[in-house]
1. Step by step: first the residues of the range 183-234, then only those that are surrounded by 21 or more Cβ atoms within 10 Å (Cβ to Cβ) and more than 29 Å from Ile59 (Cβ to Cβ), then the one that is farthest from the chain's Cα centre (by Cα). Which residue is that?
2. Being at pLDDT 95 or above and not assigned by TED's automatic domain parsing to the domain that holds Glu201 is the requirement here; does Val455 meet it?
3. Would you be able to say whether some residue in the range 26-38 is in the same structural domain as Asn309 (by TED's automatic domain parsing), exposed (fewer than 14 other Cβ atoms within 10 Å of the Cβ) and more than 30 Å from Ala256 (Cα to Cα)?
4. If you go through the range 319-345, how many residues are at pLDDT 95 or above, β-branched (Val, Ile, Thr) and within 29 Å of Ile7 (Cα to Cα)?
5. Could you tell me how many of the residues in the range 275-301 are assigned to a loop (DSSP other than H, G, I, E, B) and closer than 21 Å to Asn324 by Cα?
6. Among what's in the range 298-320 and is in contact with a Cys (Cβ under 9 Å, 6 or more places away or on another chain), closer than 30 Å to Lys384 by Cβ and among the small types (Gly, Ala, Ser), pick the residue that is surrounded by the most Cβ atoms within 10 Å (Cβ to Cβ).
7. Can you tell me which residue is farthest from the chain's Cα centre (by Cα) among those in the range 102-137 that are of a type in the set (S, T, N, Q) and more than 26 Å from Met307 (Cα to Cα)?
8. In this structure, does Ala130 turn out to be small (Gly, Ala, Ser), closer than 26 Å to Thr21 by Cβ, in contact with a Gly (Cβ under 7 Å, 6 or more places away or on another chain) and surrounded by 19 or more Cβ atoms within 10 Å (Cβ to Cβ)?
Amino acid sequence: MKPYDLIVIGSGAAGLTAAFTGLGLGKSVLIIEENRPGGECTWSGCVPSKGLINQAKEIHTAKKYASFEIDSAKALQNVRDISENVYQHETPEVLEKAGAIFLQGTASFISPKILEVNGEQYGAKKVVIATGSSPMIPPIPGLEDVPYLTNDNFFQQQRLPKSIIVLGAGAIGMELSQSMARLGVEVQVVEMMPEVMFREEPEFSAIIRQRLENEGVKIALNHKAIKVAKSENGIVLTTEKDKTQSTFKAEKILVALGRSPNVINMNLEKVGIKVDRGITVNDHLETTTKGVYACGDVAGPFLLSHMANYQAKIATMNALLPINRKVNYDHVSWCTFTDPEFARAGFTENEAREEFGDKIRVYHYDFEKLDRAMTKDADMGKIKVIVSARGKVLGAHIIADRAGELISEVQVIKTLGLNFGKLQSVIHPYPTYSDALRQIAQRVFLDNILHHPMVKLFRK
């Protein structure tokens, strides 16, 4: 058995990046995949959700000017067509044309360097595990007895239900709830925490909640799900709040309560690979077994496609090259694609104060002062930037149209360790949303001068 230089288990965001990185380094690569390539991102995450969000936004805008019937079956078929279109760049044929060998099946470790697939054994000099994650299903009594939805099967529906209970108010719950409401579905969101997207900047989470409620989404906070049952018309969810029980009824229920790593049936324990919340890895993304690496959702801690891409490049280069790069999670950003979008990089204000005390400066900007926003009816936006006493970016939070694009400019400044005030000298096109960042940077720049020790002395 001649070993491959690299065996990659999984072909989602992390697996594909690992495979192409290995191929780019001139190595022989075997990809093992249970399903079709593309992973959650292509089939049940980033791609189809944005396809639905875009259609829902167009319909939401059109409803301002006309009344019409919404064809949810057509909308869902359009979403599936989008996924199929993206898949054309990830097919086994495309992967093999690039130089990889693609193998359909479930990989099981025989030893750290030998894997079994479909009864055959394959050798590897190095292995990268990139099997991703699946929806986390909580042990709520009765849930297993009803036909519940997750993002895994949501987009395979032939039509949207007339009514739905969304269990969980994280990014997936918020994105799909708003989209469904705009497509005519009666949506009830049930969340056990005191606010939606509770890990985010509280004032910004509240804005998202209020926007969805204004669009007809009913949101119940501090409600813990305790029982699920079938009814004549669909589903009944029983919750508890302050020792008082409530019931929610709908045609279907969507479970959106987080993710669990895909680690079953691989014999990880047989070769000494430890699993905690995900596969345990060190700062170089090597598992507890030498020569075996893990990246993406299966390793965490950030279950984001762009983090899977980042980790996969480092894991693969560490596996194949005489280098040992560490992962750095100091500069992570993400975006929730509600309307408006909600983007974040770095600390919340509370987190920054816990870390640095009062040695921070916080800047707010409301789009009601932004010329570009004034050109569009009801265009809202808010930005909050948190900097150190020296003007370095500690955190940024943006709610706005294209917030995911705006946060990238902040991310460049933050990652390169530049003073945010330097951005004021960069000429921005007018009128644009990004000019809001320049205006904040101008305030930071002036405060930098006023906080300079010599200026303070002179002013005294």
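1. The selected residue is Val228.
2. Values: at pLDDT 95 or above: no; not assigned by TED's automatic domain parsing to the domain that holds Glu201: yes.
In short, no.
3. yes
4. 2
5. As a first pass, look at the range 275-301 and keep what is assigned to a loop (DSSP other than H, G, I, E, B): 276-278, 280, 282-285, 288-291, 295, 299-301.
Of the ones still in play, those that are also closer than 21 Å to Asn324 by Cα are 280, 282-285, 288-291, 295, 299-301.
Of the residues in the range 275-301, 13 are assigned to a loop (DSSP other than H, G, I, E, B) and closer than 21 Å to Asn324 by Cα.
6. Looking at residues that are in contact with a Cys (Cβ under 9 Å, 6 or more places away or on another chain), closer than 30 Å to Lys384 by Cβ and among the small types (Gly, Ala, Ser), I get Ala308.
7. First, pick out the residues of the range 102-137 that are of a type in the set (S, T, N, Q): 104, 106, 108, 111, 118, 121, 131, 133-134.
Cutting the leftovers down to more than 26 Å from Met307 (Cα to Cα) gives us 111, 118, 121.
Values: Ser111: 33, Asn118: 33, Gln121: 35 Å.
Taking the candidates together, the pick is Gln121.
8. Working: small (Gly, Ala, Ser): yes; closer than 26 Å to Thr21 by Cβ: yes; in contact with a Gly (Cβ under 7 Å, 6 or more places away or on another chain): yes; surrounded by 19 or more Cβ atoms within 10 Å (Cβ to Cβ): yes.
Judged against the criteria, Ala130 is a match.
The values are calculated or read from the model by the stated rules, or taken from the named source; none is laboratory data. All of these numbers come straight from a predicted model, not from anything done at the bench. Neighbour counts are summed over all protein chains in view; Cβ atoms, including those assigned to glycine, are modelled from backbone coordinates with ideal geometry.
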